[in-house]
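Some notes on the structure that comes next.
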Amino acid sequence: MRYNAFQILRHGLAGNRGWRPAWRKAEPQAAYDAVIVGGGGHGLSTAYYLAKRHGVRRVAVLEKGWIGSGNIGRNTTIVRANYGLPGNSEFYSHSLKLWEGLEQELNYNVMHSQRGLINLFHSDGQRDAYARRGNAIRNQGDDAILLDTDGVRKILPWLDFEQTRFPIYGGLYQPRGGTARHDAVAWGYARGADRLGVDLIENCEVTGIAVEAGRVTGVETTRGAIRAGKVGLAVAGRSSQVAALAGLKLPIESHVLQAFVTEGLKPVIDHVVTYGMGHFYISQSDKGGLVFGGDLDFYPSYAARGNLPMAEHVLEAGVTLMPMIGKARMLRSWGGIMDMSPDGSPVIDRAPLEGLYLNTGWCYGGFKAVPGSGDCFAHLLATDAPHPAAARLRLDRFDTGHGLMDEEGTGAQHNLH
Ligand SMILES: Cc1cc2nc3c(=O)[nH]c(=O)nc-3n(C[C@H](O)[C@H](O)[C@H](O)COP(=O)(O)OP(=O)(O)OC[C@H]3O[C@@H](n4cnc5c(N)ncnc54)[C@H](O)[C@@H]3O)c2cc1C
C-alpha cells in the first residue's frame with residue numbers, strides 16, 4: 001500500500017479500518033543470503049539498501065525485542081553533518097544527503113525538519129576550533145556559518161547572554177542540521193525493507209554464531225538455527241557481547257546515555273542548540289516537549305536507564321544556559337546503551353573472520369548516521385569492498401593508530417580519550 005493523500009481520504013471516509021500492517025510478521029526460514037543481527041535503525045536501513053540497491057532479496061533482520069525497541073527509539077533525534085576530520089566528514093555528508101531525500105525514497109513521513117543546529121562557543125580558543133571546523137565542513141561541501149554574539153542573539157534571544165562565567169561568544173550554525181522523528185525512521189525503513197521481500201523477525205535473539213572451517217555460516221537463535229551466506233552485526237550497545245559469540249574482542253565499551261523531555265509547550269525553541277561549556281543540548285519536539293540530554297553516565301553499563309546525579313548535571317547546565325526552562329515540568333527521562341569506540345568514531349568493516357561484517361561504534365551519534373550507515377554497510381556486504389564514503393571507518397585503525405578523534409571518545413578511562 002503506497003501512502004498518499006488519496007489513501008488518507010479514502011480510509012478516513014471508511015472509518016480507517018482498511019489500513020494494513022506496515023510490515024509482515026515473518027517466520028524464520030532455514031537459510032538466507034544475508035542475515036542482519038539487530039532491528040534498529042542501522043540493521044533496518046542496511047536490509048533496505050541491500051534489497052533495493054544490490055538486489056539481495058533473501059535477507060533477514062533478526063531482532064531480539066521488537067522493531068525500534070533499542071536506541072533508534074530512545075535518541076534525541078538530532079541530524080547533522082558537522083564533522084571536521086576526513087573519514088567522518090564525507091561519511092556524515094553522504095548520510096545527510098540521503099536524509100534529504102528519505103521521505104520520498106521510503107514513501108514515509110519521517111518528519112525530517114531542517115530547522116538548523118547551533119553549537120555555541122564560549123572562549124577565543126573555542127571560537128578558533130569552531131572556525132576551523134566550519135571551514136572543514138564547507139570544504140566538504142556542506143553548510144556552516146560562524147556567528148558572533150549578536151548573530152546568535154538574533155536567532156536565540158532567550159539565551160542567558162549576561163552570565164559571566166561562560167559568556168556566549170558566538171555559535172557555529174548549520175542550517176541544514178535539524179531533527180527527525182526517530183520511531184518513524186525505524187518504521188519507514190522496516191516497511192520499505194518488507195516491501196522488497198526482507199524478513200523482519202522480531203523476538204528472535206541471536207545466541208550463537210556458527211563458524212565452520214574459519215568461516216561464518218549462520219547463527220543460532222532463540223527461534224532455531226539459521227544458515228547465512230553473510231552475517232552483519234548491527235547491534236549497537238550489544239556489539240561487544242554479540243561479537244564475542246564469534247570469539248572476537250572489539251574495542252567497544254557500552255555506556256548509558258540519558259535523555260529527558262518536558263511537558264508539551266507552545267513553540268519556543270525552533271533550532272537545535274548545544275552548549276559548548278557544559279554537555280547539554282536541546283530541541284523542541286513537534287508535540288511541544290523540550291527534548292534534551294547531556295553526557296554519558298561515565299561508567300560502562302548495560303542498564304538502559306539513567307541515574308539522578310547525571311539528571312542533576314544535565315539540568316544544571318540547561319538552566320545555566322537558558323534559565324527560562326527552569327519553569328518547565330520534566331515528564332520523563334530514559335537511557336540507552338551506547339557502543340562507544342575509543343576515538344568516538346564508528347566502524348563499518350569486515351570482521352577478521354570470513355563471512356562476518358561489523359557495524360558498530362556509533363557512540364552518541366548514530367541516529368543521523370542511519371541512512372548513510374545502511375547504504376555503506378549494504379555496499380560492503382554485497383560487494384566485499386568498502387563504500388567510498390566509509391572507506392576510513394576501518395577496524396584496524398585501532399592497531400595502526402589512524403584514529404578519527406573528531407568528537408569525544410570514551411573508554412575505560414574517560415579522561416584519557
Ligand atoms: C539518549 C540518547 C540520545 C541520543 N541522541 C542522538 C542524537 O540526537 N543524534 C544521533 O545521531 N544519535 C543519537 N543517539 C545515538 C543513536 O540513537 C544510536 O547511535 C543509534 O540508534 C544506534 O544504532 P541502532 O539504531 O541500530 O541501534 P538500536 O536501535 O539499539 O539497534 C540495535 C538492536 O539490536 C538488537 N539486539 C541486540 N542484541 C541482539 C541479539 N543478540 N540478537 C538480536 N538482536 C539484538 C537490540 O534489541 C536493538 O534493537 C542517542 C542515543 C541515546 C541513547
(request) State yes or no: is ARG332 surrounded by fewer than 24 Cβ atoms within 10 Å (Cβ to Cβ), part of a loop (DSSP other than H, G, I, E, B) and either basic (Lys, Arg) or within 12 Å of the ligand (Cβ to nearest atom) (or both)? (result) no
(message) I'm checking my understanding of the structure. Among residues of the stretch 66-95 that are assigned to a helix (DSSP H, G or I) and more than 18 Å from THR46 (Cβ to Cβ), which one is nearest to the ligand (Cβ to nearest atom)?
(response) ASN88
(message) Looking only at the stretch 165-179, filter to residues that are among the small types (Gly, Ala, Ser) and away from the ligand (no atom under 16 Å from the Cβ); which one of those is surrounded by the most Cβ atoms within 10 Å (Cβ to Cβ)?
(response) GLY171
(request) Give the residue, chosen from LEU85, LEU9, LEU13, LEU50, that is surrounded by 15 or more Cβ atoms within 10 Å (Cβ to Cβ), among the aliphatic types (A, V, I, L, M), modelled with pLDDT of 95 or more and not assigned by TED's automatic domain parsing to the domain that holds PHE260. (result) LEU50
(message) Return the residues of the stretch 256-268 that are hydrophobic (A, V, I, L, M, F, W, C) and either free of Cβ contacts under 8 Å to residues at least 12 places away in the same chain or surrounded by 20 or more Cβ atoms within 10 Å (Cβ to Cβ) (or both); say none if nothing qualifies.
(response) VAL256, LEU257, ALA259, PHE260, VAL261
(request) Tell me, please, whether a residue that is within 16 Å of the ligand (Cβ to nearest atom), in the same structural domain as LEU233 (by TED's automatic domain parsing), surrounded by 13 or more Cβ atoms within 10 Å (Cβ to Cβ) and more than 25 Å from the chain's Cα centre (by Cα) can be found in the stretch 29-47. (result) yes
(request) Read through the list (1) within 15 Å of the ligand (Cβ to nearest atom); (2) at pLDDT 95 or above, then give the number of the only condition that TYR364 fails. (result) (2)
(message) Can you list the strands (runs of 3 or more DSSP E) lying wholly within the stretch 192-282 that have 2 or more residues being within 22 Å of the chain's Cα centre (by Cα) and either assigned by TED's automatic domain parsing to the domain that holds SER373 or β-branched (Val, Ile, Thr) (or both)?
(response) 199-201, 224-233, 253-264, 272-275
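The values are calculated or read from the model by the stated rules, or taken from the named source; none is laboratory data. Predicted model, so just to flag it, every value in this text is computed and none were measured. Cβ coordinates were reconstructed from backbone atoms using ideal geometry, including for glycine residues, and neighbour counts include every protein chain displayed.
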